[in-house]
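*Asks:* One structure, pasted below without further comment.
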Amino acid sequence: MNIATLVQISIGAILINNFVLTRFLGLCPFFGVSKKLSSALGMGMAVIFVMSVASMFSWIIYNYVLIPYNVTYLYTIIFILVIASLVQLVEMTLQKFSPNLYDALGIYLPLITTNCAILGVAVLNTVTEDYNFLESIVNGISSGIGFTLALVLMAGIRGKLELANIPKTLAGLPIAFIAAGLMAIAFLGFSGLNFFQSIGG
Amino acid sequence: MGDIAKLATVLFMISAAAGLAVSFTYKQTKEKIALEKKFREEQALQEVLPEGTSIKKREKTPAIPGTYWAALKDSSIIGYAFKGSAKGYSSTIEFLVGINPEGTILGLTILSQEETPGLGARVKETVSKKYLWNGLLTKRERDTPWFTKQFKGIDVTKDISLDHKSPEWHKLSEEQKKSMQMNNTITAITGATISTEAIKKEIKKVAYAYFSALKEKEDVQLEPDPLTTSDEE
Amino acid sequence: MLKEELKRGIITENPILILALGLCPALAVSTSLKNGFGMGVAATFVLTCSNLIISIIKKLIPDRVRIPCFIIVIATFVTITQLVMKAYFPDLDKQLGIFVPLIVVNCIILGRAEAFASKNNIIHSLVDGIVMGLGFTVSLCILSTIREILGSNKLLGLTFLPGFKPMTLFILAPGGFFTIAFVMGIVNAVRQKNKVENA
């Protein structure tokens with residue numbers, strides 16, 4: 001268990017390679033839900049949960065089913081089905097145990113299925129980076145945290161934007177994109193953050 | 001009950017059809033994909049080892065750090081190719097370096113990197129005289145990136161120095177380039193010193209690791225200088 | 001009729017610039033014209049095929065499991081695209097990276113399957129797939145051209161203007177956001193002008 005690697009992965013997912021602001025994953029819900037802080041937080045929590053569990057299941061299936069049977073090229077289909085089922089499960093659970101949150105998230109909950117971030121993290125853990133089980137889970141949780149961080153920051157900014165005087169052509173999505181761009185520049189500053197490099201050798 | 005059976009049947013049939021379509025495509029493309037991989041590997045080896053040699057792959061053993069390649073001409077080894085991974089600024093830079101038994105670099109090629117575009121990613125930049133209006137219809141040539149070209153002729157047994165003040169290698173005159181080589185010096189990519197340093201250090205490390213392992217195994221006349229980690233600049 | 005459909009897909013209902021769908025790949029792969037065009041073609045292929053198949057089998061799909069069925073069909077075509085790309089366009093595959101499998105969650109494709117292909121006849125769905133894909137490709141090309149020229153002074157890998165020092169920011173993440181913001185802004189301005197003129 002290399003703790004340094006795990007910390008590096010999590011800092012990487014939250015700050016250095018932030019899913020939304022650096023990797024461009026998870027943009028559709030990002031611009032849809034980020035208008036209010038409370039729904040942003042709720043969405044973020046749901047995404048963290050789905051990402052972590054999806055990371056776990058997709059890793060297990062990839063390494064214990066797809067690879068041994070030599071059918072790794074089926075990963076796209078299998079992963080997306082796993083995610084779709086998971087989201088369905090989360091939806092039913094929320095509906096039963098927390099109807100308020102369920103109503104607040106509304107249409108955005110089933111949209112988590114098409115959230116590129118969830119499929120993205122599953123593919124990253126297995127095909128692209130080939131992490132081990134623990135590293136996958138850490139990456140899954142951290143990516144979710146990174147997504148939530150960007151989402152919450154965006155909600156805060158958009159809340160203020162509502163009160164500002166914006167030219168009509170830029171109102172709505174364009175100004176949100178500009179805000180995201182400015183945040184992305186800020187996050188670019190993290191790209192050199194690698195304080196475990198000396199330990200790595 | 002019949003309802004669920006119907007749902008299950010439909011899903012099953014669609015999945016079966018999907019599975020068939022994908023397996024069919026897979027079988028058709030499998031060979032081409034494997035061929036591509038082999039082609040890339042060969043192409044990289046061609047870039048770092050001299051022409052007209054037969055290249056043999058040697059497998060990793062407990063004594064030798066990894067797979068490597070030996071270039072043979074008339075059954076004597078005139079060069080080796082080693083793979084290395086350098087910790088760059090924002091990604092791992094994988095490269096293949098060709099070195100002759102005396103320790104001189106024959107060629108360097110970057111296999112993969114995800115450095116910052118415009119900075120570290122310029123390790124793969126080629127300087128081309130082609131512009132949009134005259135280059136669109138002409139044939140594409142495979143040019144070597146200037147950054148890796150400058151490593152040709154550098155001696156890994158001696159200290160490789162990095163010249164921060166000189167302009168980038170591709171801007172130097174022929175005499176200046178020759179004198180850089182004589183002084184075992186390379187130029188950095190402006191603004192990407194970390195990527196440059198990482199590659200430079202890793203080349204020396206890889207060369208040392210393989211040559212000392214090979215000395216036990218084969219007759220290699222090479223005395224690499226022991227590398228100390230106080231090599232931090 | 002074809003002309004109207006083309007106008008719809010490329011202009012009035014452009015997936016990226018008007019409907020704001022398919023944003024993830026739009027920003028991520030629009031760093032160069034070659035990549036943007038490649039992604040557009042791949043997505044159009046998947047969109048057209050899935051629209052076609054879903055329209056053909058729409059009567060067989062029970063309503064309760066329609067989303068999983070759509071997903072299986074779409075994922076199949078994405079996998080086929082992935083394999084063909086790896087075999088015949090490996091450079092493009094490497095450049096587009098993780099966004100090739102991510103075509104399966106491109107909101108445009110699932111959106112059109114749900115909103116159109118499952119409710120319309122085969123020819124209509126086929127045409128819809130093609131024109132929406134075309135619209136996606138066109139906007140991708142617009143974004144990619146702007147970013148490649150401003151960000152690396154190149155177009156299709158060839159240098160554009162001699163002596164122009166490019167702004168690397170445009171190939172990086174922030175550049176994507178700013179480019180789409182301004183293109184959308186221009187689109188909005190044109191739409192508002194049209195509204196005023198037609199009123």
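Values quoted throughout were computed directly from the atomic coordinates according to the rules given, and no laboratory measurement underlies them. Quick caveat: nothing in here was measured; it's all calculated off a predicted structure. Cβ placement follows ideal geometry from the backbone for every residue including glycine, while neighbour counts extend to all protein chains displayed.
*Asks:* So for B:Lys158, B:Lys205, fewest C-beta neighbours within 10 Å to most, what's the order?
*Replies:* The fewest-first ordering by Cβ neighbours comes to B:Lys158, B:Lys205.
*Asks:* Using only the Cα atoms of the protein assembly as shown, what are the Rg and Dmax in Å?
*Replies:* Using the Cα atoms of the protein assembly as shown, the pair Rg, Dmax is 26.5, 88 Å.
*Asks:* Sorting C:Cys24, A:Cys116 on the 10 Å Cβ count, fewest up front, what's the list?
*Replies:* Fewest to most other Cβ atoms nearby, the residues stand as C:Cys24, A:Cys116.
*Asks:* Identify, among C:Ile109, B:Leu35, A:Tyr62, the residue whose Cα sits farthest towards the positive end of the charge dipole of the protein assembly as shown, taking +1 on the Cβ of Lys and Arg and -1 on the Cβ of Asp and Glu, with the dipole about the Cα centre.
*Replies:* Farthest towards the positive pole: C:Ile109.
*Asks:* Next question. Let me have the relative contact order for segment B:1-135, percent, based on Cα pairs under 8 Å that are six or more residues apart.
*Replies:* 15
*Asks:* Of the GluC sites (Glu not before Pro) in segment B:17-100, which ones lie in a loop per DSSP and count no more than 13 other C-beta atoms within 10 Å?
*Replies:* Passing both the DSSP loop test and the Cβ count: B:Glu51, B:Glu59.
*Asks:* Next up: Could you identify which residue out of C:Ile74, C:Ile130, C:Ile56 has the top mean-square fluctuation in a GNM of chain C using Cα springs shorter than 10 Å?
*Replies:* Evaluated over chain C, the most mobile residue of the options is C:Ile56.
*Asks:* Which FRET efficiency value, to the nearest 0.05, do you get for C:Lys59 and B:Met182 by plugging their Cβ-Cβ distance into 1/(1 + (r/R0)^6) with R0 = 60 Å?
*Replies:* 0.15
*Asks:* For helix C:122-152, report the angle its Cα long axis makes with the longest principal axis of the Cα atoms of chain C; keep it between 0 and 90° and round to the nearest 10°.
*Replies:* Once rounded, the angle reads 20 degrees.
*Asks:* To continue, here is another question. Between the alpha-carbon centers of segment A:71-136 and segment B:167-194, tell me the distance in whole angstrom.
*Replies:* 50
*Asks:* Can you quote the Å³ per residue value for the convex hull of the Cα atoms in segment A:1-82, rounded to an integer?
*Replies:* Considering the Cα atoms of segment A:1-82, their hull volume per residue is 130 Å³.
*Asks:* Another question, then. Please determine, in degrees from 0 to 90 and to the nearest 10, the orientation of helix C:33-57 with respect to the longest principal axis defined by the Cα atoms of chain C, where the helix direction is its Cα long axis.
*Replies:* Tilt of helix C:33-57: around 10 degrees.
*Asks:* Over the Cα atoms of chain A, what Rg and Dmax result, in angstrom?
*Replies:* In Å, with Rg to one decimal and Dmax whole: 17.8, 59.
*Asks:* Nearest 20 debye, what's the magnitude of the dipole of the protein assembly as shown about its Cα centre given +1 on Lys and Arg Cβ and -1 on Asp and Glu Cβ?
*Replies:* That gives the protein assembly as shown a dipole magnitude of about 1700 debye.
*Asks:* Now for a separate question. Which of the DSSP-defined H helices in chain A satisfy a minimum axial length of 30 Å, computed from C-alpha atoms, and a minimum mean Kyte-Doolittle hydropathy of 0.0?
*Replies:* Helices passing the filter in chain A: A:37-61, A:75-97, A:133-161.
*Asks:* Could I get the Rg over Rh figure for segment C:48-153? Both from C-alpha atoms, Rh via Kirkwood, rounded to two places.
*Replies:* Looking at segment C:48-153, the ratio lands at 1.04.
*Asks:* OK, next. Pairs to check: B:Lys38/B:Lys152; B:Lys177/C:Lys94; B:Lys178/B:Lys201; C:Lys7/C:Lys34; B:Lys57/B:Lys204. Give those whose C-alpha atoms are more than 28 Å from each other in this structure.
*Replies:* Table pairs above 28 Å Cα-Cα are B:Lys177/C:Lys94.
*Asks:* Now for a different question. So what's chain C giving for Cα Rg divided by 2.2 N^0.38 Å, two decimals?
*Replies:* For chain C, the normalised Cα radius of gyration is 1.08.
*Asks:* How would you rank C:Val196, C:Val73, A:Val71, going from fewest to most other Cβ atoms within 10 Å of each one's own Cβ?
*Replies:* So the ranking, lowest neighbour count to highest, is C:Val196, A:Val71, C:Val73.
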